[in-house]
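Here's the structure, in structure tokens; my notes come after.
The values are calculated or read from the model by the stated rules, or taken from the named source; none is laboratory data. Values in this document were obtained by computation on a predicted structure and should not be read as measured data. Here Cβ is always computed from backbone atoms with ideal geometry, including for glycine, and neighbour counts include all displayed protein chains. With ligands, DNA and RNA removed, areas are computed over all heavy atoms of the protein, side chains included. Shrake-Rupley method; radii C 1.70, N 1.55, O 1.52, S 1.80 Å.
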Amino acid sequence: MKSTTEYLTFNIPARMGFMNITPRVEENVRSSGVREGLVLVNAMHITASVFINDDESGLHEDYKKWLEGLAPFDESPQRYAHNLTGEDNADAHMKRQVMGREVVVAVTDGKLDFGPWEQIFYGEFDGRRPKRVLVKVIGD
Amino acid sequence: MKSTTEYLTFNIPARMGFMNITPRVEENVRSSGVREGLVLVNAMHITASVFINDDESGLHEDYKKWLEGLAPFDESPQRYAHNLTGEDNADAHMKRQVMGREVVVAVTDGKLDFGPWEQIFYGEFDGRRPKRVLVKVIGD
Amino acid sequence: MKSTTEYLTFNIPARMGFMNITPRVEENVRSSGVREGLVLVNAMHITASVFINDDESGLHEDYKKWLEGLAPFDESPQRYAHNLTGEDNADAHMKRQVMGREVVVAVTDGKLDFGPWEQIFYGEFDGRRPKRVLVKVIGD
């Protein structure tokens with residue numbers, strides 16, 4: 001069994017934002033030499049996500065509005081006890097649970113085995129600082 | 001390491017619906033010959049899910065009502081900018097994030113290593129057309 | 001390829017609660033002898049979750065309140081058809097979908113390859129009875 005581990009760093013210049021990281025993951029899969037296996041891609045921070053969906057800017061705006069409705073940003077500890085710690089990002093910990101921490105993608109014939117519209121995104125909910133994503137490829 | 005890749009096609013005759021696909025995945029695991037490993041089962045479309053829960057029709061009705069409350073169908077671009085593209089399925093992209101894209105299940109002694117009530121479902125949020133699910137088994 | 005399978009049992013003394021199970025998973029990874037690979041950790045029950053987030057008690061209280069808002073406990077079958085079966089836990093099946101069934105974590109150099117704050121939690125939404133979590137380590 002082969003395996004490779006890469007750490008990608010992203011710095012989103014806003015509190016919330018989405019970035020298509022598919023080309024970076026494809027590059028990691030290619031350089032791993034794995035032909036058949038799995039690739040795990042996960043946020044290493046707990047106020048960020050890795051998820052698979054559509055690369056369409058309208059949809060990304062919809063996601064932002066929708067997530068803000070489900071778990072509004074509010075720095076006050078009246079709404080979120082977590083913010084008693086001095087943090088202001090309790091909402092980001094919730095948004096990340098909705099969007100998920102990680103994806104596992106099949107590697108078939110040396111490539112990401114994707115449907116027609118699948119793209120991998122880094123999702124940031126407490127940005128404006130560098131954060132890391134782990135890419136682990138295993139297989140033969 | 002052994003690995004097999006199968007593509008299953010489903011056509012749900014409604015916008016939203018759930019289908020128990022456990023027997024199909026069991027068949028793929030059996031024919032893979034893998035005794036110890038993992039199986040990845042994922043929707044290849046971004047308005048559909050694969051998830052694990054209970055095969056109980058009342059619960060499935062509850063899921064539909066609940067998801068409709070969290071992300072209502074609305075074809076107008078006033079609610080969802082994604083629908084400016086000519087699509088009417090922005091809500092489906094949200095419902096799928098709540099229910100998830102994929103499951104990873106342990107294969108132990110040649111079988112899906114499941115708790116008493118675990119069953120694998122295909123979840124459709126923009127149906128009435130054929131869509132694919134990928135099943136990748138890896139292990140020894 | 002090496003692989004090991006362990007079943008952990010937890011009994012949360014409340015309907016809803018979160019427990020840091022990272023040390024147990026670390027122990028399983030260590031005893032597996034796997035240096036490079038993946039570990040799957042999943043709830044074997046469909047009203048429970050395994051997820052990765054912060055070990056901060058204020059945040060856990062926030063999660064409880066937030067999940068209760070998204071999918072309120074209500075034993076009546078008027079709100080949830082699932083409760084016509086004699087169960088009272090339809091809400092727990094929804095809370096579990098938001099928080100997720102499983103996590104897949106990279107094993108690198110014999111250890112969980114984690115960011116600075118990542119911890120693995122068992123999330124219970126219909127507790128006061130023993131339930132199991134599966135830990136499957138695969139790799140070399």
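Taking 7 Å steps out from each Cα toward its Cβ at residue A:20 and residue B:19 produces label points 3.0 nm apart.
Across chain A, C-alpha contacts under 8 Å between residues 6 or more apart give a mean separation that, scaled by the residue count, equals a relative contact order of 54 percent.
Take the Cα of residue A:35, step 7 Å toward its Cβ, do the same at residue B:140, and the gap between the two points is 2.1 nm. Note on chain A: with a GNM built from Cα contacts shorter than 10 Å, the maximum mean-square fluctuation among A:107, A:34, A:98 falls on A:98. Taking a straight line from the alpha carbon of residue C:111, these aspartates and glutamates sit under 13 Å away, with near neighbours fewer than eight places off in the same chain left out: C:26, C:27, C:36, C:140. The mean sequence distance of close C-alpha pairs (under 8 Å, at least 6 residues apart), as a share of the length of region B:49-91, puts its relative contact order at 27 percent.
Note down the magnitude of the dipole of chain B about its Cα centre, charges +1 on Lys and Arg C-beta and -1 on Asp and Glu C-beta and zero elsewhere, to the nearest 20 debye.
Values: 17 positive and 22 negative charges, 90 e Å.
Charge dipole, chain B, about its Cα centre: 440 debye, nearest 20.
Summing Lys and Arg as +1 and Asp and Glu as -1 over all other residues whose Cβ lies under 13 Å from the Cβ of residue A:86 gives a net charge of -4.
The GNM of chain B, with springs linking C-alpha atoms under 10 angstrom apart, assigns the highest mean-square fluctuation among B:65, B:111, B:95 to B:65. Shown for residue B:31: label points 7 Å from Cα along the beta-carbon vector, and their distances to the equivalent points in the other copies, 3.8, 3.8 nm in ascending order. Remark: label point of residue C:65 defined 7 Å out from Cα along the Cα-Cβ vector; separations to the same position in other copies 2.7, 2.7 nm, ascending.
Considering only DSSP beta bridges whose two residues both sit in chain A, what percent are antiparallel, to the nearest 5? Working shown, then result.
Details: 34 of 34 bridges.
Antiparallel bridges make up about 100 percent of those DSSP assigns within chain A.
Using the Cα centre of region A:84-132 as origin and beta-carbon charges of +1 (Lys, Arg) and -1 (Asp, Glu), tell me which of A:119, A:106, A:130 is placed farthest towards the positive end of the dipole. The residue sitting most towards the positive pole is A:130.
With all protein chains in place and a 1.4 Å probe, the accessible surface of region B:1-116 carries 47 percent carbon and sulfur.
Counting only other chains, what is the mean number of Cβ atoms within 10 angstrom of the Cβ of each residue in peptide C:2-11? All intermediate terms of the calculation are to be shown ahead of the outcome.
Details: counts 3, 9, 1, 6, 0, 2, 0, 0, 0, 0.
Mean shielding by partner chains, rounded to a whole number: 2.
Can you tell which of C:40, C:112, C:84 shows the greatest fluctuation in a Gaussian network model of chain C with Cα springs below 10 Å? Comparing C:40, C:112, C:84 in the GNM, the peak value goes to C:84.
Averaging Cα coordinates gives a centre for region A:31-86 and one for region C:71-120; these two points are 17 Å apart.
Label-to-label distances for residue A:140 across copies, nearest first, come out at 1.2, 1.3 nm, using points 7 Å from Cα in the beta-carbon direction. Excluding residue C:25 itself, calculate the net charge of residues whose Cβ lies under 13 Å from the Cβ of residue C:25, where each Lys or Arg counts +1 and each Asp or Glu counts -1. It works out to a net charge of -2.
Starting from the Cα gyration tensor of region B:80-140, take the square roots of the eigenvalues, sort them a ≥ b ≥ c, and report rounded, prolate or oblate (rounded when a/c is under 1.5, otherwise prolate if a/b is larger than b/c, else oblate). Prolate, because a/c is 1.5 or more and a/b exceeds b/c.
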